[in-house]
Amino acid sequence: MSLLYIPEYNPLSIKGSGSFGYVVEAFDKKNNINVAIKRTHKVSNKLSREYEILSQVRECPYCVKLFDIFYTTDDDKRVIQNLVFEAVPQNLDNYMEKYQKEKKIIPIDLIKKISKQLLLGLNFCHKKNIIHRDLKPENILFTKDEKVKICDFGSSKIIEYKIIGKKKVSITHSTPYIVSRFYRAPELIFGKYDYDSKIDIFAVGCIIAELFTCVPLFPGSNEGLQIIEYINILGLPDISYFEEFNIPQSFLEFLKGYKNIKTHPLNLILNQDKKYDKKDIEEACDLLYNMLNWNYEKRFTAEECLKHSFLKDVKIEN
């Protein structure tokens with residue numbers, strides 16, 4: 001893919017790249033501002049799903065703002081989609097890394113402020129049946145005035161639901177091979193394909209926990225070890241939990257060996273240096289256990305999280 005050359009934009013630097021293409025920071029000459037332009041190969045004549053979803057979240061102050069879309073061609077005459085966003089130079093991963101290097105903790109008021117904004121953005125998406133499917137610190141932009149912006153909706157999807165009895169059940173079949181491993185809900189690892197917005201709740205629970213320690217809560221180096229990481233903190237669920245999934249009997253027998261494992265309490269993990277107030281930690285842990293529940297049906301919704309005592313009195317100025 002050739003570098004951006006459009007008279008209206010002056011490219012400044014490449015901010016990131018991957019299988020999708022790359023993101024370039026550029027100066028918008030017409031509006032006299034810096035922007036971020038995500039450049040990807042267009043694979044059909046239809047509008048991309050990412051663009052359609054971004055259009056639906058455009059008015060949410062906690063999602064990155066899409067300014068424009070235009071198309072170009074590369075040297076091989078392939079069509080390139082260019083999505084123009086507001087430029088936010090820092091993400092939450094960068095931000096936590098600074099605190100970790102300086103061996104400092106993020107102030108509790110700021111943790112609450114970040115958490116609430118993230119859940120407000122998620123609640124906006126979920127009410128439109130949009131699930132992000134790749135929430136992680138790198139995909140949460142953080143402005144100089146401490147505003148959260150959820151970004152990278154390239155993996156996002158609109159889910160269809162059906163009411164069965166009193167339950168709202170996803171009827172959309174999707175690949176479980178999404179979400180970066182450290183933030184992946186257990187049902188995805190076990191191959192569930194009709195998942196719903198609760199996978200985002202699990203991911204955000206992992207992120208909120210990480211704000212306290214600046215290191216991932218479940219750092220499994222592969223999917224098997226990821227499950228052990230869950231067990232070490234959340235304990236082993238009742239074996240009946242696994243009946244929904246097509247899990248080999250040998251692996252179930254292996255898991256039974258963890259039945260009486262001594263778990264690592266979240267309050268000790270989040271407050272290792274005892275620098276946070278005990279009440280704040282108790283409230284944070286109660287919220288997180290409800291977000292990280294093995295049973296996705298029992299996980300809080302984003303709206304329930306926002307009503308929790310840890311966040312309900314946090315004031316956010318737009």
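Tabulated results
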read-out: Qualifying positions in the stretch 189-200 - assigned to a helix (DSSP H, G or I) and among the basic types (Lys, Arg); value: 198
read-out: Search result, residues across the stretch 294-305 that are open to solvent by 20 Å² or more (accessible area, probe 1.4 Å), outside any loop (DSSP other than H, G, I, E, B) and touching a Phe, Trp or Tyr at 6+ places or on another chain (Cβ under 9 Å); value: 296
read-out: Residue selected from the stretch 41-51 under the condition touching a residue at least 24 places away in the same chain (Cβ under 8 Å) and outside any strand (DSSP E or B), by the criterion surrounded by the most Cβ atoms within 10 Å (Cβ to Cβ); value: 50
read-out: Whichever residue in the stretch 240-290 is open to solvent by 30 Å² or more (accessible area, probe 1.4 Å) and β-branched (Val, Ile, Thr) and, among such residues, is nearest to the chain's Cα centre (by Cα); value: 269
read-out: Residue list for the stretch 29-45, restricted to those being more than 22 Å from the chain's Cα centre (by Cα) and more than 22 Å from residue 143 (Cβ to Cβ); value: 29, 30, 41, 42, 43, 44, 45
read-out: The stretch 225-239: number of residues that are over 18 Å from residue 208 (Cβ atoms), at pLDDT 90 or above and open to solvent by 30 Å² or more (accessible area, probe 1.4 Å); value: 3
read-out: Conditions (1) in contact with a helix residue (DSSP H, G or I) (Cβ under 8 Å, 6 or more places away or on another chain); (2) within 23 Å of residue 167 (Cβ to Cβ): number failed by residue 231; value: (2)
read-out: Qualifying positions in the stretch 174-188 - crowded, with 19+ Cβ neighbours inside 10 Å and among the β-branched types (Val, Ile, Thr); value: 179
read-out: Test for residue 38: is it within 30 Å of residue 215 (Cβ to Cβ), out of contact with any helix residue (DSSP H, G or I) (no Cβ under 8 Å at 6 or more places or on another chain), open to solvent by less than 70 Å² (accessible area, probe 1.4 Å) and not in a loop (DSSP other than H, G, I, E, B); value: yes
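The values are calculated or read from the model by the stated rules, or taken from the named source; none is laboratory data. None of the values given here were measured: they were computed from a predicted structure. Cβ: placed from backbone, ideal geometry, glycine included. Neighbour counts: every protein chain shown. Accessible surface areas use protein heavy atoms only, side chains included; no ligands, DNA or RNA. Shrake-Rupley method; radii C 1.70, N 1.55, O 1.52, S 1.80 Å.
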